[in-house]
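Here the structure is laid out as structure tokens; the discussion comes afterwards.
The values are calculated or read from the model by the stated rules, or taken from the named source; none is laboratory data. Only a predicted model underlies this, so the values are computations on that prediction, with no experimental measurement involved. Positions of Cβ are generated from backbone atoms using ideal geometry, with glycine treated the same way; all protein chains shown enter the neighbour counts.
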Amino acid sequence: MAIGMSGAMAQAHPLTEQEIGAVFGRLGLLAPSERLACEPLGGGISSDIWRVAIGARQYCLKRALPQLKVAQRWEAPVERNDAEWKWLAAADKIWPGSAPRLLGQDRQAGLFVMEYLDPDLYPDWKSLLRDGMIDAEIAVAVAERLAAIHAATAGRPEFAAAFDTGACFYAIRLEPYLIATGRVHADLAPRLEALARSTLASKCCLVHGDVSPKNILVGPHGPLFIDAECAWYGEPAFDLAFCLNHLLLKCLWRPAAAPDFLTAFDTLAEAYLAGVKWEMRAAIEGCVGVGPATEFDLFRKSLNARPSLEKIIAGADLIPADPATGYAVVTGLVARYAREKGRVPRLIEYSEHLGKNGLRELEVLLVRDLVRANPSAAQHPAFRAWAAHNVEALG
């Protein structure tokens, strides 16, 4: 159920339990005879978030704040709450289960209610990464859902009209990340300002805008996206780069796990690119320039031309057609199979086949990346036998 709104959303003030009860009553979620219990939830800087219990039923209420809870003054349009509601609804329709179930919206108050997801059953991906649970399957699932949402909304005028939120996206993404950085580092300001302009000008598909591991819950049936306040119809590369950047930063956060984070980086990038169904080259050129866009386009074409990884791991000695495709094969094999039990002998065997067919560099690369992704592989007899005949490659 949704309650309409006319004009701008009201300025926020501290919610009381009585006001929350009134909202739930208007939305048909609270009967006159029922009582509720409210608990504010921490962790966010841009919204008030509450856990609301009504008997055995539990809900999550979210309301955007006009001024974020940070040391510096940071204001943002509260209409982003409505954009988040619409993004979550669209995402769940495109990929069922990719967002929490929505239960009611009060646009007049600038808030909505969704199902409450217990952190014990739905931990955020950031917490799992922090605790050393760097699962490539999660990276693949995140990438597949993100690519599907982008693909389903690309070139869709109705989504462009519904998410005409460029002003909000600029206020909470581009200005604080790029423009503010340029004010501190004046030598970079022209490049950062140009990047902000080109990003804002791109109108390709529906973008989440904050695909950080902390905004991805990992549930029993796969990942769910939350906190889509930055939702905007624009540049899909922003979502991909934002998430990949966080995986790179985790290497500094947990240096000992850097090889696993880099494997997750490669896995997520590969899985996302495999799901791209629209032409991204022009958009990427607008954001990062012709050179990087060309490299991206060539890499995507290499992925499309790549021999089947499933057939290779099953025993087929398929040879890449060119070096670029070969690198895509090596990256894919390591990302998908390096840590799977029992795969080390086959990966070593295939590396030797590459070497015998004149692809010595790829042979060494595959073995090196295998051990980086799975250090225990260095203790496997297959690796030791390979190493004994390739001492010069290990020097």
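Take Leu88 and decide whether it is hydrophobic (A, V, I, L, M, F, W, C) and more than 20 Å from Cys205 (Cβ to Cβ). It is false that Leu88 is hydrophobic (A, V, I, L, M, F, W, C) and more than 20 Å from Cys205 (Cβ to Cβ). Among the residues of this structure, Asp227 counts as one that is in contact (Cβ under 8 Å) with a residue 40 or more places away in the chain and either touching a helix residue (DSSP H, G or I) at 6+ places or on another chain (Cβ under 6 Å) or not aromatic (Phe, Trp, Tyr) (or both).
Please go through segment 333-358 and give me each residue that is outside any helix (DSSP H, G or I) and more than 26 Å from Met133 (Cα to Cα), ordered by number. I'd like the intermediate steps shown before the answer.
As a first pass, look at segment 333-358 and keep what is outside any helix (DSSP H, G or I): 338-343, 357-358.
Hits for segment 333-358 are Asn357, Gly358.
Inspect all residues belonging to segment 181-194 and state whether any of them is buried (at least 16 other Cβ atoms within 10 Å of the Cβ), touching a Gly at 6+ places or on another chain (Cβ under 9 Å), without any contact (Cβ under 8 Å) to a residue 60 or more places away in the chain and farther than 19 Å from Ala99 by Cβ. Taking every residue of segment 181-194 in turn, at least one turns out to be buried (at least 16 other Cβ atoms within 10 Å of the Cβ), touching a Gly at 6+ places or on another chain (Cβ under 9 Å), without any contact (Cβ under 8 Å) to a residue 60 or more places away in the chain and farther than 19 Å from Ala99 by Cβ. Here Cys60, Cys38 are screened, and the one residue that is at pLDDT 85 or above and in contact with an Asp or Glu (Cβ under 6 Å, 6 or more places away or on another chain) is Cys38.
Report yes if Asp210 is under 12 Å from Arg173 (Cβ atoms), part of a helix (DSSP H, G or I) and among the charged types (D, E, K, R), otherwise no. No; evaluated as a whole, the condition is false for this residue.
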